[in-house]
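Notes follow once the structure below has been shown.
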Amino acid sequence: QPSSHCAVNCNAQFTPHVDSGRGAGQKLSMIVGLGDYVGGELRVEGDAFDIQYQPLVFDGWKLRHWTNPFAGERFSLVYFTPEAKKD
């Protein structure tokens, strides 16, 4: 199912966290890294994933994740769909 939202990050190096806020209730996110950089792997519960031009689907609401240090220009696109609000 397609995502309804996309967050664009530029040169962001996130510390360990689980997602919160605007995407509340989502199940999975897909992230992909773009740009000319070295390093910057996404760590999910300690495992490193090279997301440079390689999308990764994971549950950022349940799994702690963060960015490894990097050099260069790094963008990341995070696609997600918040849970629909019930009336």
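The values are calculated or read from the model by the stated rules, or taken from the named source; none is laboratory data. Because the structure is predicted, anything quoted here is derived from the model rather than measured. Surface areas here come from the heavy atoms of the whole protein model, side chains and all, with no ligands, DNA or RNA. Shrake-Rupley method; radii C 1.70, N 1.55, O 1.52, S 1.80 Å.
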Ignoring ligands, DNA and RNA, what percent of the accessible area of the chain is carbon or sulfur (1.4 Å)? 54 percent
If the elastic network links every pair of Cα atoms under 10 Å, which of Ala12, Ala48, Ala71 fluctuates the most in the Gaussian network model of the chain? Ala71
Exposure ranking of Thr81, Thr67, Thr15 by accessible area [1.4 Å probe, largest first]: Thr15, Thr81, Thr67
